[in-house]
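To start, the structure under review is shown below, and the notes come after it.
The values are calculated or read from the model by the stated rules, or taken from the named source; none is laboratory data. Predicted, not measured: the structure shown is a model, and the values here were computed from it. Positions of Cβ are generated from backbone atoms using ideal geometry, with glycine treated the same way; all protein chains shown enter the neighbour counts.
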Amino acid sequence: MNSNQSLRLVERGMGMYIHIPFCKQKCIYCDFPAYQNLQDYYDTYLYALLQEMTLFKEAYPESGDILIDTVYFGGGTPTELSILQLEQIIDHIKSLYHLADDCYFTIESNPGEVTRDYLVGLRKLGFQRISFGVQTFNNEALQMLRRSHTGEEAIEAVKMAHDVGFPDINIDIIYGLPNQKGADIEETLRIISSVPINHVSTYGLQVEEGTYLYHLVNTELLSLPDEDSEEQMYETIIGGLEKLGFERYEISNFAKDGAYSAHNLKYWHDSDYLGFGAGAHSFYKGVRRENNRNVMPYARTVDNYELPIVQEEVISKDRAMEDYSFLALRTKWGLSEKRFYEKFGISLALKYSDVLATLINQGLIVYEAGVYKLTKEGIKRGNYVFTHFI
């Protein structure tokens, strides 16, 4: 999918996110609503998921008339479900909502857990993009993280996905892992150069409270690279990806030939999307909603013909302007004066004159032809920049 097609999807319709909260095994760093050893509940969850979609459509019947042009299956590991189960979900979506003829389907997967036949099945269901949670190709690091695959299996999964006809393939990469060295990043880049992918998402390791990684670091059973080492890894992977022809179009995301994540572009442009499943989020008609993240309480609520929403937040105009501003700055397209005025009916310079002037003076953003963009230093200090809008 090229640049023009991706941006057209942002403006044309709404996105849909489907959360599948199951994993073969839980990674030590994961704080997402994702659970292992729940195979006995897959059918129960599937029933609840379909029922939730129906309940939402009944509560908001106009949602069925809005064009859906991106559908993203995330997790967890959506490919824990069978092809038949995924087909049931897609058929139910089509029966309730208005999907574009060229609706763009993405699915996340763990390498090493999918066969060639399974990937063929995904293509037959209409999935155009697959995102593999590779994280690293180093087998010792993968074992430490409790990933369910090896580096060799990751390479094989990517090649199989390409062979069966996936036009768009992403891999996730994490840097700043315990015991990770610069040579590991160089090896990751070497492998990336040799596999048929057109998108990379890369993140520094985050130690989230409540995860097993947090316990290990807090009790000094694991140590992380120091700040200088992590920054060097960051510079190496960012520069290396760009040398390999990957364009940095969002702070953490790189694409070749305009193969942007069409669904995620909706998030970064603060567009509406519907989210279904345990722990899923939605942003619809100015209201952000969050579902119960626990599988059985989620299913029981739906079974009682109630939406499983545990939190709703009506987004004020001021909050909407804040969100739009820092999300736009995350992308290569930046924060446009024209788009801001069209969306909110107020001048960007008038609303954030002091903030913009401060960030320009600090060398963190630049102003070019009606658009504010992060500088190289601004990208590195993104969180600092974004707090100025909040």
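A compact table of results
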{"read-out": "Single condition TYR298 does not satisfy, out of (1) out of contact with any helix residue (DSSP H, G or I) (no Cβ under 7 Å at 6 or more places or on another chain); (2) crowded, with 19+ Cβ neighbours inside 10 Å", "value": "(1)"}
{"read-out": "Strands (runs of 3 or more DSSP E) fully within the range 252-329 counting 1 or more residues that are under 20 Å from the mean Cα position of the chain (by Cα) and within 18 Å of HIS19 (Cβ to Cβ)", "value": "273-276, 281-284, 287-291"}
{"read-out": "Where LYS94 falls short, out of the listed (1) in contact (Cβ under 8 Å) with a residue 12 or more places away in the chain; (2) surrounded by fewer than 22 Cβ atoms within 10 Å (Cβ to Cβ); (3) of a type outside the set (A, V, I, L, M, F, W, C)", "value": "(1)"}
{"read-out": "Selection status of ILE68, of a type in the set (Val, Ile, Thr), more than 16 Å from ILE130 (Cα to Cα) and assigned to a strand (DSSP E or B)", "value": "yes"}
{"read-out": "Neighbours by Cβ (under 7 Å, 6+ apart or cross-chain): first from the range 315-340, in contact (Cβ under 8 Å) with a residue 12 or more places away in the chain and among the acidic types (Asp, Glu); second crowded, with 17+ Cβ neighbours inside 10 Å and assigned to a loop (DSSP other than H, G, I, E, B)", "value": "GLU322/PHE389; ASP323/ASP270"}
{"read-out": "Residue match in the range 199-213 (condition: without any contact (Cβ under 8 Å) to a residue 60 or more places away in the chain, of a type outside the set (D, E, K, R) and part of a helix (DSSP H, G or I))", "value": "no"}
{"read-out": "Exclusive hit being at pLDDT 95 or above, under 21 Å from SER194 (Cα atoms) and under 22 Å from the mean Cα position of the chain (by Cα), set THR79, THR136", "value": "THR136"}
{"read-out": "Among the residues listed as GLU113, GLU87, the single one being of a type in the set (Asp, Glu), modelled with pLDDT under 95 and closer than 30 Å to CYS27 by Cβ", "value": "GLU113"}
{"read-out": "Pairs where the first residue, in the range 37-64, is farther than 27 Å from LYS26 by Cα and the second is modelled with pLDDT under 95, C-beta under 6 Å, 6+ apart", "value": "LYS57/GLY64"}
{"read-out": "Output for the range 152-170, where each listed residue is more than 22 Å from the chain's Cα centre (by Cα) and under 30 Å from SER223 (Cα atoms)", "value": "GLU152, GLU153"}
{"read-out": "Helices (runs of 4 or more DSSP H) enclosed by the range 77-173 - at least 1 residues per element that are of a type in the set (Ser, Thr, Tyr) and within 25 Å of ALA255 (Cβ to Cβ)", "value": "none"}
{"read-out": "Residues satisfying the stated conditions in the range 356-370, i.e. surrounded by fewer than 17 Cβ atoms within 10 Å (Cβ to Cβ), touching a helix residue (DSSP H, G or I) at 6+ places or on another chain (Cβ under 9 Å) and not polar (S, T, N, Q)", "value": "GLY363, VAL366, TYR367, GLY370"}
{"read-out": "Those residues of the range 57-84 which are within 23 Å of ALA34 (Cα to Cα) and surrounded by 17 or more Cβ atoms within 10 Å (Cβ to Cβ), in sequence order", "value": "THR70, VAL71, TYR72, PHE73, GLY74, GLY75, GLY76, THR77, PRO78, THR79, GLU80, LEU81"}
{"read-out": "Subset of the range 338-350 [assigned to a helix (DSSP H, G or I) and surrounded by fewer than 17 Cβ atoms within 10 Å (Cβ to Cβ)]", "value": "LYS338, TYR341, GLU342, LYS343, PHE344, ALA349, LEU350"}
{"read-out": "Scope the range 21-40; condition aromatic (Phe, Trp, Tyr) and either at pLDDT 95 or above or in contact with a Pro (Cβ under 9 Å, 6 or more places away or on another chain) (or both); matching residues", "value": "PHE22, PHE32, TYR35"}
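For (1) acidic (Asp, Glu); (2) in contact with a strand residue (DSSP E or B) (Cβ under 9 Å, 6 or more places away or on another chain); (3) over 22 Å from PHE105 (Cβ atoms), each residue gets a yes or a no:
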position: GLU186; (1), (2), (3): yes, no, yes
position: TYR203; (1), (2), (3): no, yes, yes
position: TRP268; (1), (2), (3): no, yes, no
position: ALA280; (1), (2), (3): no, yes, no
position: ASN294; (1), (2), (3): no, yes, yes
